[in-house]
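The values are calculated or read from the model by the stated rules, or taken from the named source; none is laboratory data. Note that the coordinates shown come from a computational prediction; the quantities given were computed from them, not determined experimentally. All Cβ positions, glycine included, derive from the backbone under ideal geometry; neighbour counts span all protein chains shown.
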Amino acid sequence: MVLPFTERVVQIIRDIPAGRVMTYGQVAGAAGNPRGARQVVRVLHSMSAKYDLPWHRIINAQGGISTPSDREEKGGFQRELLEAEGVEFMQNGKLDLKVYRWFPEEEFMW
């Protein structure tokens, strides 16, 4: 049985270990829709609380935190959560994707 995209996204995000991150596009691709980064944003926005998702482990493709300019405090909170898990940010405010990016196991059978 093939899971719907939203369910795959939720499972992938749940499986990201502490101290590791994935990008929006990377989650979308792993869930079967490489062009679905915006859908991942919607899933995070609407389902993070309901499913207790580690939303803070999802970052942009440049290794930065994506926060609307009117919600800077949320970006600071996301950074705090990541740092509490051992993630270190560079001086430019980004993290090194070569160090912290997580790749899900290929065992997912969607």
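Just a few scattered comments:
- Among the residues of region 44-59, those that are in a loop (DSSP other than H, G, I, E, B) and buried (at least 16 other Cβ atoms within 10 Å of the Cβ) comprise Leu53, Pro54.
- Residue in region 53-65 that is more than 11 Å from the chain's Cα centre (by Cα) and of a type in the set (S, T, N, Q) present: yes
- Residue match in region 73-86 (condition: within 11 Å of the chain's Cα centre (by Cα), in a helix (DSSP H, G or I), at pLDDT 95 or above and of a type in the set (D, E, K, R)): no
- For region 1-43, filtered to residues that are among the basic types (Lys, Arg) and in a loop (DSSP other than H, G, I, E, B), the residue that is modelled with the highest pLDDT is Arg20.
- Residue count, region 26-43 (criterion: within 29 Å of Gln91 (Cβ to Cβ) and surrounded by fewer than 17 Cβ atoms within 10 Å (Cβ to Cβ)): 1
- Residue in region 87-110 that is farthest from Ala31 (Cα to Cα), counting only those that are at pLDDT 90 or above and acidic (Asp, Glu): Glu88
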